[in-house]
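Below is one structure, written out as structure tokens; comments come after it.
Readers should treat all values here as calculations from the given coordinates under stated rules, not as data from a laboratory. These numbers were taken from a predicted model, which means no experiment stands behind them. Glycine gets a Cβ as well: all are built from the backbone with ideal geometry, and neighbour counts include every protein chain shown.
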Amino acid sequence: MTSPSPAFAQEKKTREIRAVCLDVDDTLVDYTTSSRAALTDMVGHAGAWELWQRITDEHCARLLAGELDYASMRNIRTRAFFAELGEFLDQGEATKREVRRQAVLAEGWTLFADVLPCLDWLRATGLPIAAVSNASGHHQRVKIASLGLAEYFDHVLIAGEVGAAKPDPVIFHTACLGLGVAPTETVHVGDRLHADAIGARDAGMRGVWLNRHGPQDGSLPDGIKAISSLAELPELLICELSGVSV
């Protein structure tokens, strides 16, 4: 039997999966449920979620741009949010409400049921694993540690520490560098189609969209795979993305 050509060998090498990156919030941690509950506790009703999300996105962009530090951002965001509701808070009252919201939020953090079996399987393969999150540093690391996730990760990339957020290729490439792998050898899985899956694809990685809400009408963007549960990830890695040995 003749040996494969160098070109074939190189093509096969670039198809191997040598590492996996995972988003955290709403991929591993049911963040939206806990965040909605904490907001409802703070406001007294459940009707302000979209407003909260919009104001949070605006202030997180300022945080990543270096205009605000995390502690200041939370206080300013809370005051801006209540101002939209017609209530103008002083700094002390905003801090009091935000501290309460954070406490309720932390009490509600839970993992999705498919998370630990998937992480255990990934660990058994020997693949290095990174967490890649658009959150800020300290509170995200506390969350990861308190939920028992820290032991699974070889590297943790957090936007507030890196200075770049998904879908910026910088955070994806920094994760690959930390794991010692090329982007073409790395899969990134996350719940947001554009920030996670498309962002990873555009950074040269394999982008996987975790769509926990199930199939949607319309085709997926080129180069994107979709799963509805992390229980589907092992088969996807073995059968469709190739290169995982168990």
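Where the alpha-carbon atoms of segment 64-126 are placed on the principal axes, they occupy 53, 27, 18 Å, in descending order. Translational diffusion of segment 5-144 was estimated from the Stokes-Einstein equation, with Rh taken as the Kirkwood radius over Cα pairs; at 4 °C and 1.567 mPa s the coefficient is 74 µm²/s. Note on the chain: with charges restricted to the Cβ of Lys and Arg (+1) and Asp and Glu (-1), its dipole about the Cα centre is near 300 debye. The angle between the Cα long axis of helix 70-84 and the longest principal axis of the Cα atoms of the chain comes to about 60 degrees, rounded to the nearest 10. Axis angle, to the nearest 10 degrees, between helix 91-107 and the longest C-alpha principal axis of the chain: 40 degrees. Within segment 103-194, the proportion of C-alpha pairs whose separation exceeds 23 Å stands at 25%.
Between PRO128, ALA103, GLY44, the Cα set farthest toward the positive side of the dipole of the chain (charges on each charged residue's Cβ, about the Cα centre) is that of PRO128. Split the chain at each of the GluC sites (Glu not before Pro) in a DSSP loop with at most 15 other beta carbon atoms within 10 Å, and the longest piece is 88-246.
Panel values: the chain, Kirkwood radius from alpha carbon pairs, Stokes-Einstein at 25 °C and 0.890 mPa s, translational diffusion coefficient 127 µm²/s. Positive end of the dipole of the chain, charges at C-beta (+1 Lys, Arg; -1 Asp, Glu), about the Cα centre: which of HIS173, PHE81, ILE227 has its Cα farthest in that direction? Comparing the listed Cα positions along the dipole, HIS173 ranks first. Counting only DSSP H runs of at least 4 residues, each contributing -39500 (n - 2.57), and dividing by the residue count of the chain, the helix-based mean residue ellipticity at 222 nm comes to -13500 deg cm²/dmol. Using C-alpha pairs below 8 Å separated by at least 6 residues, the relative contact order for the chain is 24 percent. For the chain, the longest principal axis of the C-alpha atoms and the axis of helix 31-43 are separated by about 0°.
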